[in-house]
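The values are calculated or read from the model by the stated rules, or taken from the named source; none is laboratory data. A quick note: this is a predicted structure, and the numbers were derived from the prediction, not measured. Quick reminder, even Gly has a Cβ in these numbers, built from the backbone with ideal geometry, and neighbours come from all protein chains shown. Accessible surface areas use protein heavy atoms only, side chains included; no ligands, DNA or RNA. Shrake-Rupley method; radii C 1.70, N 1.55, O 1.52, S 1.80 Å.
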Amino acid sequence: MQGYGTNVRGLGESRGLKDVAREHALLPLRIFLGVTFIYAGLDKLTDSAFFRASGPGSIGETMHAVRDSSAIPALVDLALKSPGAFGYAIAIGELAVGLGTFFGLWTRLAALGGALISLSLWLTVSWQVTPYYFGNDLAYLMAWLPLVLGGGGAFSVDALLASRRRRIR
């Protein structure tokens with residue numbers, strides 16, 4: 001039986017090291033992605049230059065710089081219609097995804113959001129990076145997929161809530 005803080009599999013049957021490792025396999029990834037996206041969101045929210053339409057460090061300057069080399073220039077054009085609003089959407093999205101992932105709350109949904117953010121950044125900002133493995137957005141996209149598929153796992157709010165629902169039944 002998998003769950004939040006369970007120490008036994010069945011009636012008195014101890015779990016082996018492989019079972020414990022399997023149950024906690026996604027925890028380091030969840031913590032890393034959660035902390036990274038919380039940091040990325042807060043970093044943007046505390047940088048007043050980021051939300052400007054132009055100037056050094058602004059989202060507008062970044063979007064103008066990558067517009068012609070992105071895989072989907074129309075997506076960049078959409079962001080350029082309102083760079084500040086787009087910047088806030090990215091920053092708040094990263095913060096929400098990071099918090100949900102770190103705490104394991106609606107983990108699959110948070111991971112899907114993280115994957116979509118990473119996909120959009122890969123197709124726009126880091127598309128022109130060669131060789132492709134020098135860009136980090138594709139790696140982040142791939143890192144989100146195990147959490148989309150596997151959920152929060154151990155030590156997550158999702159697991160705690162699932163355990164409580166099982167006890168109520």
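What the table below lists for this structure:
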quantity: Under 14 Å from the LEU161 label point (7 Å along Cα→beta-carbon), backbone N, region 104-124; calculated: 104-111
quantity: Karplus-derived 3J(HN,Hα), 6.51/-1.76/1.60, for each residue of region 61-66, Hz, glycine and proline x; calculated: 4, 4, 5, 4, 5, 9
quantity: Percent RCO, i.e. relative contact order, over region 9-161, from Cα pairs under 8 Å lying at least 6 residues apart; calculated: 27 percent
quantity: Rounded to whole Hz, the Karplus (6.51, -1.76, 1.60) HN-Hα couplings of region 125-136, x for glycine and proline; calculated: 6, 10, 4, 7, 5, 10, x, 4, 6, 7, x, 8
quantity: Heavy-atom accessible area per residue - region 89-129, 1.4 Å, Å²; calculated: 45 Å²
quantity: Percent carbon-and-sulfur accessible area, region 25-101, ignoring ligands, DNA and RNA, probe 1.4 Å; calculated: 68 percent
quantity: Paramagnetic label zone (point 7 Å from Cα along Cα-to-C-beta, SER48; backbone N under 11 Å) in region 77-117; calculated: none
quantity: ³J(HN,Hα) computed for each position of region 16-26 - Karplus, 6.51 cos²θ - 1.76 cosθ + 1.60, integer Hz, glycine/proline x; calculated: x, 4, 4, 5, 5, 4, 5, 5, 9, 4, 8
quantity: Segment PHE32-ASP68, length gained on full extension (0.36 nm per residue, minus Cα span); calculated: 9.7 nm
quantity: For peptides 26-37, 95-106, 49-60, sequence by mean Cβ density within 10 Å, most packed first; calculated: 95-106, 26-37, 49-60
